[in-house]
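Written below as structure tokens is the structure these notes are about.
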Amino acid sequence: MGRAVTLMQDLKIRDKTSDLHEARWWEPAPPAGGSEAGNRVHCYLCPRHCHIGDGQAGFCFIRANEGGKLYSLGYAHPATMQIDPIEKKPLNHFLPGTRVFSMGTAGCNMGCFFCQNWDISKSRADQVRSSYVPPEDVVSLAIRNGCPSIAFTYNEPTIWGEYVIDICHAARERGIRTVMVSNGYITREAFHDIYDHIDAANIDLKGFTENFYGRITLTHLAPVLETLEWLKNETSVWFEITNLIIPTLNDAPGETRALARWILEHLGPDVPLHFTAFHPDFKLRDKPRTPPETLHAARRTAIEAGLHYVYEGNIYSDGAHTSCPACGTMLIRRSWHDVEEMHLKNGECPKCGLAIPGRWANSEEKGSRRIARSAETALAARYDDLNL
Ligand code: SF4
């Protein structure tokens, strides 16, 4: 216990909060090899199934064992909060043209060499600047900033699932929707606890081979595919998929074709798929940016495979627009993350009447949010220094 206290003090966890928040999804674990002291715990929130000794943290580094209990160090301590267009998540069929209150903490349960948010995802909780923001205040900030939704994003939100769930409860009470931007690396035991409260998700499908997942993300492909099937078959969550294409690592046409065919067969043709461009970052600086032609070719392949809504991201491209798969009419014209034209009528193509799958805003909801917004101003004013 003495070593544990020392380590926890080293992490400055007690400097951050006097009340550690006990985690969910853990159980006591037997001592390792019979020789180590007791108080080990097993975290079963994600497929890593970390067994964590007293005074240590799991792979994601924001779930730590103190005295035989697991604590969630990210709870109520966001490291990043900002307002984004919903198209940046990316979500193209969920409240298009609206702002989303976006937040993340420290840590991650994957080890992607190409991480583009590595400054927070590869940090411990005590290595990032964070503010204390309880769940109900997150919702107040979203409303005050005119955001009809809150996104859990930037780092992997699964690993701070306790905070996500409490924000979702507070958000639902006030008519604000919630979004997971996730790598999909979550266990069956935790899946419904979190996603039953979520309105929309974007799941990163980072490649389509076990070799890529094992070598470049230090995880496995199969659990991510399971998550996508659970989302489709067991929830009403609106979800889209992102595939970041990295030259020479996951850009083989055969891999893209297999990925698109799997989506068609297991999820159907209407799940939007975003092919996005890589830029050199973190431990993967020896690969070039993804050429636009690679994204164009991937999009063609996925459409030929039978998917209806295939997008290109991180480049300026006509592949950002939404067109009717039946008659080809332009429905939503975008430039990067901006919606420039919106022609959908009550979620339908104005020319042929095809219902376009998604969650489309209506004016009634916008009005109720305007009223709620003024009531939040005083409470949220205490966060003025965040410059949101
Ligand atoms: S959530 Fe974190 S501590 Fe829990 S199993 Fe995954 S990596 Fe390990």
Accessible area of the chain divided out per residue, in Å², using a probe of 1.4 angstrom: 42
Any idea what the relative contact order of segment 107-188 is, in percent, if you count C-alpha pairs under 8 Å spaced at least 6 apart? 34
Full-extension gain between Ala355 and Trp262, please, as 0.36 nm times their residue separation minus the C-alpha to C-alpha distance. 31.1 nm
Return one quarter of the surface area of the convex hull spanned by the alpha-carbon atoms of segment 134-264, equal to its mean projected area, in nm². 8.6
Here the equivalent ellipsoid of segment 41-190, derived from its Cα gyration tensor, has semi-axes (largest first, whole Å) of 26, 16, 14
Here the gain from full extension of Asn233 to Asp338, 0.36 nm per residue of separation minus their alpha-carbon distance, amounts to 34.6 nm
Which percent of the accessible area of segment 312-362 is formed by carbon and sulfur heavy atoms (probe 1.4 angstrom)? 44
Give me log10 I(q)/I(0) at q = 0.12, 0.16, 0.22 Å⁻¹ for segment 253-356, Debye formula, one equal scatterer per alpha-carbon, no solvent. -0.45, -0.77, -1.20
Given contacts defined as C-alpha pairs under 8 Å and at least six residues apart, what's the relative contact order of the chain, whole-number percent? 13
Using the Karplus curve 6.51 cos²θ - 1.76 cosθ + 1.60 with θ = phi - 60°, work out ³J(HN,Hα) for each residue of segment 232-245 in order, rounded to whole Hz, and write x for Gly and Pro. 5, 8, 10, 9, 10, 5, 6, 9, 10, 10, 10, 10, 7, 9
Are any of the pairs Lys88/Lys232; Lys122/Lys232; Lys88/Lys206; Lys89/Lys287 more than 19 Å apart by Cα-Cα distance, and if so, which? Lys88/Lys232; Lys122/Lys232; Lys89/Lys287
antiparallel share of DSSP beta bridges within the chain, to nearest 5, in %, is 50
According to the Kirkwood expression over distinct Cα-Cα pairs, how big is the hydrodynamic radius of the chain, in Å? 21.8
If I model a spin label as a point 7 Å beyond the Cα along the Cα-Cβ vector, how far apart are those points for Arg215 and Arg172 in nm? 4.3
Computed E for Glu27/Ala222 - FRET, C-beta separation, R0 25 angstrom, nearest 0.05: 0.60
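The values are calculated or read from the model by the stated rules, or taken from the named source; none is laboratory data. Since this is a predicted model, take the numbers as computed values, not measurements. In this analysis, Cβ positions are derived from the backbone assuming ideal geometry, glycine residues included, and neighbour counts consider all displayed protein chains. Surface accessibility is based on the protein's heavy atoms, side chains included, excluding ligands, DNA and RNA. Shrake-Rupley method; radii C 1.70, N 1.55, O 1.52, S 1.80 Å.
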